[in-house]
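Report on the structure given below.
The values are calculated or read from the model by the stated rules, or taken from the named source; none is laboratory data. From a predicted model like this one, the values you see are computed outputs, not experimental measurements. Reconstructed Cβ throughout: ideal geometry from the backbone, glycine too, with neighbour counts over all protein chains shown. Areas reflect the complete protein model, heavy atoms only, side chains present, ligands, DNA and RNA absent. Shrake-Rupley method; radii C 1.70, N 1.55, O 1.52, S 1.80 Å.
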Amino acid sequence: MTGPVKGPASYFPSIEKKYGRPIVEWKELIRSSTLTKHMELVSWLKTEHGLGHGQANALVAHTLAEDSGK
C-alpha cells in the first residue's frame, strides 16, 4: 500500500493543471537551461514562465535531486 505523495512531487498535479504542461516538459526545460544553481532556476521559472515560487521550487528541487541520484 502506498501513502499520499509527499515532498516536491506533491505539487506536480496542480502544476500540470494550472500551467498546462506535463512535468516531464518542465524538467526538460530546467535541464536545458544554462543556469545550474537552485535559486537561479527558481527565479528563471518564475520570471520567464510565470510559475509561483512554491511550484518553481518543487520542480527545481525534484529535478536536481533526480540528476544527482538522490
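Please work out which residue is least open to solvent (accessible area, probe 1.4 Å), limiting yourself to the stretch 15-25 and to residues that are touching a helix residue (DSSP H, G or I) at 6+ places or on another chain (Cβ under 9 Å) and farther than 20 Å from D67 by Cβ.
For the stretch 15-25, the residue satisfying everything is Y19.
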Look at the stretch 44-70 and say how many of its residues are exposed (fewer than 14 other Cβ atoms within 10 Å of the Cβ) and of a type in the set (K, R). 1
Given the condition out of contact with any Lys or Arg (no Cβ under 8 Å at 6 or more places or on another chain), assigned to a loop (DSSP other than H, G, I, E, B), small (G, A, S) and open to solvent by less than 60 Å² (accessible area, probe 1.4 Å), answer yes or no: does some residue in the stretch 5-14 qualify? no
Identity of the residue in the stretch 44-70, assigned to a loop (DSSP other than H, G, I, E, B) and closer than 17 Å to I15 by Cβ, that ends up farthest from the chain's Cα centre (by Cα): G50
What number of residues within the stretch 26-43 are closer than 21 Å to S10 by Cα and either open to solvent by less than 80 Å² (accessible area, probe 1.4 Å) or in contact (Cβ under 8 Å) with a residue 12 or more places away in the chain (or both)? 9
